[in-house]
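A.B. asks: Please see the structure below; I have some questions.
Laboratory data are not the source of any read-out in this text; all were calculated from the coordinates shown. Note that the structure is a prediction, hence the values are computed from the model and not measured. All Cβ positions, glycine included, derive from the backbone under ideal geometry; neighbour counts span all protein chains shown.
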Amino acid sequence: MKNLLVYLLPFLLRTCCTSQNVCEEPPDIDFGEIRSGEKAAYIESDRVQYNCNPGFVLEGSEWITCSGRKWTPTPKCLAPCIVTKQQLEAKNLLLSGNRVRTQLIQHNHMLQFQCREGHVLTVPMDRKCLDGHMDLPSCISERGKNCSCPPAIENGDIITLSKKQYKAGSSVQFKCQKYYSLEGDNRTFCDNGTWTKAPVCLEPCAISLAEMENRKIEIKRKLDGDISENIYVPRGGSVEFTCKMGYMVTTNPSQSVSVIQCNGDSIVYPECKEIVCSPPQVENGNFQPNQIQYEYEDTIETQCESGYQLQSRQATSTCTETGWSPPPICIPKNCDYIRIENGQLSDFYERWKDYYFPRRVGQTVDYYCSYGFLPRNKETRGRSSCTKFGWSPEPKCFKKCDIPRRLAHGTFNAHTRRKYIEGEEISFSCENGYDPANQQAKAVCTKNGWSPAPRCDMKKTE
Ligand SMILES: *[C@@H]1O[C@H](CO)[C@@H](O)[C@H](O)[C@H]1NC(C)=O
Ligand SMILES: *[C@@H]1O[C@H](CO)[C@@H](O)[C@H](O)[C@H]1NC(C)=O
Ligand SMILES: *[C@@H]1O[C@H](CO)[C@@H](O)[C@H](O)[C@H]1NC(C)=O
């Protein structure tokens, strides 16, 4: 079996993949056929044109395209309607010009009807053909028996003048009570002693204010009418519910409004639940007050540990439907722009300070010191990094102390050509017969230079 596959594989591959046939045969459609573009094999973007049988109307485009191995769109031929002479006679109908003959009407076209003399039309006289379907109007004879009381309908009234007797072919009109919607024809006809089907008044949806109060719901757009009473939504209408302040929709918290349609079933109210917040988890910080749970619009104050700051720069967070706002989060401190005494940041950072500051942890700045001052590293340029505790080392310029070129009657201890900054010390020794001034063979670099000034004085002979 395996050998056979190996043998067949090249053949199979060739037939499947060298063939250009990307789409199958274009589809067969009812009451239509291909007019042009037919081929033995179809490749991507090939097009085929369809034609419907006489009397049929093509829906949409007559061209279909091979796209992604499929033909789109699928064409459809819509049927015409046929009204026969027999139908017209049976229903006492006439076509325009008082004609009675079998006729074909294309989809979406209108046909005008009339009734034979002595009859009345029950529905508008223009009828449309929709894919082979057309409702014929009915004609009611005016020569039939009289009718007595027209039928009463629930939640609706007859709005035409009331009579003892109604002649055949006459009609009465109905109207539904407020909020009720009428289904069917709003008239009923006297047809040989009996009334044609009366319309029905569909009940509206009642929205109970008490129920809304219980469920903590409000109506988004206030409907007209007294809000202290129940609210009625006519059939087919809709209402938008929201939860009261401090409550949120449980089913879909991202949706603050639920639209409910009145479709005859009882209203399904949205579920609202009280908005509560749990104590937040604040790393590298604390908050006050500490509670097991917080209510809507409760607030907390957050304080970050040293080296940290609030992400939002706002200490107060409020309990909202989406949780604490702003979220109480402590982040490592940012490093802000700094003015350096006796120095300044490199031109680049000075010029773009509004753009580059605050710097984040890990970022650095370079700075230079004024003449007579040095950064801690004693090089021309100082560098400071932003850490979670701020700038490190602190960008600072120190007073520079030069070693005097010459020390009369003494020498400095092997420190030649080194730069000194504030706080550093040098030591020296004096020649025989000389002593350091103030009994000290050392001096400290201060803001005001070496202190004490290194000097060798002649030994005092006593
Ligand atoms: C009315 O109905 C009666 C039977 O109840 C029938 O004999 C008569 O032909 C009908 N009249 C019309 C005009 O349809
Ligand atoms: C039918 O009603 C009309 C008035 O609506 C009346 O003139 C006529 O006499 C009535 N016909 C019969 C047969 O009762
Ligand atoms: C009855 O229905 C017709 C057509 O559907 C409409 O034009 C007419 O205004 C309606 N009458 C009443 C009172 O609603």
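A.B. asks: What is the ratio of the Cα radius of gyration of the range 276-332 to 2.2 N^0.38 Å, with N the residue count, to two decimals?
C.D. replies: Relative to the 2.2 N^0.38 Å estimate, the range 276-332 comes out at 1.03.
A.B. asks: Sticking with this structure for a sec: For residue 411 and residue 448, what does the FRET efficiency come to when R0 = 30 Å and r is the distance between their Cβ atoms, rounded to the nearest 0.05?
C.D. replies: Efficiency, rounded to the nearest 0.05: 0.80.
A.B. asks: Determine which aspartates and glutamates satisfy two conditions relative to residue 175: a Cα distance under 15 Å, and not lying fewer than 8 residues away in the same chain.
C.D. replies: Partners within reach: 154, 157, 183, 185, 203.
A.B. asks: Kindly put 61, 162 in sequence by how many other C-beta atoms sit within 10 Å of each C-beta, fewest to most.
C.D. replies: By the 10 Å Cβ count, ascending: 162, 61.
A.B. asks: Once label points are set 7 Å from the Cα along Cα→Cβ at both residue 110 and residue 67, what is their separation, rounded to one decimal in nm?
C.D. replies: It works out to 3.5 nm between the two label points.
A.B. asks: Once you have the Cα-Cα distance between residue 123 and residue 155, take 0.36 nm times their residue separation minus that, and quote the gain in nm to one decimal.
C.D. replies: 9.2 nm
A.B. asks: If you filter the range 366-462 for chymotrypsin sites (Phe, Trp or Tyr not before Pro), then keep DSSP loop positions with at most 14 other Cβ within 10 Å, what is left?
C.D. replies: 371, 389
A.B. asks: Beyond 20 Å, how much of the Cα-Cα pair distribution for the range 358-459 remains, as a whole percent?
C.D. replies: 50 percent
A.B. asks: Still on this structure, I have one more. Give the angle, between 0 and 90 degrees and rounded to the nearest 10, that separates the Cα long axis of helix 2-17 from the longest principal axis of the Cα atoms of the chain.
C.D. replies: 80 degrees
A.B. asks: For residue 91, which lysines qualify as cross-link partners when the Cα separation must be under 23 Å and same-chain residues fewer than eight apart are set aside?
C.D. replies: Leaving aside lysines fewer than 8 places away in the same chain, those within reach of residue 91 are 128, 145, 167, 197.
A.B. asks: Still on this structure, please answer the following. How high is the FRET efficiency from residue 425 to residue 394, r the C-beta distance, R0 22 Å, rounded to 0.05?
C.D. replies: 0.50
A.B. asks: Can you list the lysines whose alpha carbon sits under 29 Å from that of residue 220, skipping same-chain ones fewer than 8 residues off?
C.D. replies: 178, 244, 273
A.B. asks: Using the Karplus equation 6.51 cos²θ - 1.76 cosθ + 1.60 (θ = phi - 60°), what ³J(HN,Hα) coupling, rounded to whole Hz, does each residue of the range 314-324 give in order, writing x for Gly and Pro?
C.D. replies: Taking θ as phi minus 60°, the curve returns 10, 7, 9, 10, 10, 6, 10, 5, 9, x, 6 Hz for the range 314-324.
A.B. asks: What residues have an amide H closer than 5 Å to that of residue 309, excluding those fewer than 5 places away on the same chain, when H is modeled at 1.01 Å from N in the peptide plane?
C.D. replies: 331, 333
A.B. asks: If the limit is 23 Å between Cα atoms, which of 396/447; 400/460; 353/388; 378/447 go over it?
C.D. replies: Violating the 23 Å Cα-Cα cut-off are 400/460.
A.B. asks: In addition: Between residue 298 and residues 5 or more places away or on another chain, which pairs have amide H atoms under 5 Å apart, with H built 1.01 Å from N, and which residues are they?
C.D. replies: Here 319 satisfy the definition.
A.B. asks: How far, in nm, would the chain grow between residue 458 and residue 439 when pulled straight, counting 0.36 nm per residue and subtracting the alpha carbon separation?
C.D. replies: On the way: separation 19, 0.36 × 19 = 6.84 nm, distance 1.20 nm.
Full extension of this stretch gives 5.6 nm more.
A.B. asks: Jot down the per residue volume, in cubic angstrom and as a whole number, of the convex hull over the alpha-carbon atoms of the range 81-141.
C.D. replies: Normalising the Cα hull of the range 81-141 by residue number yields 67 Å³.
A.B. asks: Assuming 0.36 nm per residue, please report the length gained on full extension of the stretch residue 40 to residue 175 beyond their Cα-Cα distance.
C.D. replies: In short, 42.1 nm is gained.
A.B. asks: Skipping prolines and chain starts, which residues have an amide H placed within reach, meaning under 5 Å, of the one on residue 410, given they are 5 or more residues away or on another chain?
C.D. replies: 431
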